[in-house]
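One structure below.
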Amino acid sequence: MRSPLPLTQTVRHPELRNFIGGREMTQDEINRAEWENPENWSDSLFRLYFSKRDSRVWVQKRGLGLGWTINLGHRQSVWWLIGVIVGPLVLARLLRRRGQ
């Protein structure tokens, strides 16, 4: 009998991807697998990361880039982006007022 999927084809169903060797993956293993998956990284200059299955908001950048980036697939990433963008603007405005 022939297999319905070729052996080289990757199974993309999220529920089937949570198992390794017959056991369920831990969240740390899922996070690592998602981080290593090149499909979760953009090819842009900023190397954006998007994974709803990764539980971390902040992840280390891949490759030669040093530093951290926000996981845009995480719910809390929106609040972090707002804070990172609005926080310095508010601080600059407060410092400008104080200098007058």
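The values are calculated or read from the model by the stated rules, or taken from the named source; none is laboratory data. For clarity, every value in this text was computed on a predicted model and none was experimentally measured. Because the Cβ atoms are built from the backbone with ideal geometry, glycine has one as well, and the counts that use them run over all protein chains shown.
Condition first: touching a His at 6+ places or on another chain (Cβ under 6 Å), without any contact (Cβ under 8 Å) to a residue 60 or more places away in the chain and of a type in the set (Val, Ile, Thr). Can you find one or more residues in segment 73-89 that meet it?
Our first condition is that a residue be touching a His at 6+ places or on another chain (Cβ under 6 Å); within segment 73-89, this holds for none.
No, the conditions are met nowhere in segment 73-89.
If you take the residues in segment 26-42 that are among the acidic types (Asp, Glu) and surrounded by 11 or more Cβ atoms within 10 Å (Cβ to Cβ), which one is nearest to Ile70 (Cα to Cα)?
Taking segment 26-42 as the starting set, the residues that turn out to be among the acidic types (Asp, Glu) are 28-29, 34, 36, 39.
After this cut, where a residue has to be surrounded by 11 or more Cβ atoms within 10 Å (Cβ to Cβ) as well, the list is 29, 34.
Numbers: Glu29: 19, Glu34: 14 Å.
Checked segment 26-42; the qualifying residue nearest to Ile70 (Cα to Cα) is Glu34.
Scan segment 20-61 residue by residue and report those that are of a type in the set (Gly, Ala, Ser), closer than 22 Å to Ile82 by Cα and modelled with pLDDT under 90. Explain how you work it out, then say what you get.
Looking only at segment 20-61, we keep the residues that are of a type in the set (Gly, Ala, Ser), and these are 21-22, 33, 42, 44, 51, 55.
In the following step, the residues that additionally are closer than 22 Å to Ile82 by Cα were identified as 42, 44, 51, 55.
Selection gives Ser44 alone.
Can you name every residue in segment 62-100 that is under 19 Å from Ala33 (Cα atoms), basic (Lys, Arg) and at pLDDT 90 or above?
Matches in segment 62-100: none.
Please verify whether Leu91 is under 21 Å from Asn31 (Cα atoms) and over 9 Å from the mean Cα position of the chain (by Cα), treating the condition exactly as stated.
Numbers: under 21 Å from Asn31 (Cα atoms): no; over 9 Å from the mean Cα position of the chain (by Cα): yes.
The answer is no for Leu91.
Just give me the residues in segment 30-73 being in contact with a strand residue (DSSP E or B) (Cβ under 7 Å, 6 or more places away or on another chain) and acidic (Asp, Glu), in sequence order.
Within segment 30-73, just Asp54 meets the criteria.
What's the total number of residues in segment 59-79 that are surrounded by 10 or more Cβ atoms within 10 Å (Cβ to Cβ) and within 13 Å of the chain's Cα centre (by Cα)? Can you show your working first?
Kept after step one, since they are surrounded by 10 or more Cβ atoms within 10 Å (Cβ to Cβ), are these residues of segment 59-79: 59-62, 65, 68-74, 76-79.
Within this subset, residues satisfying the condition of being within 13 Å of the chain's Cα centre (by Cα) are 59-62, 68-74, 76-78.
Residues flagged as surrounded by 10 or more Cβ atoms within 10 Å (Cβ to Cβ) and within 13 Å of the chain's Cα centre (by Cα) within segment 59-79 amount to 14.
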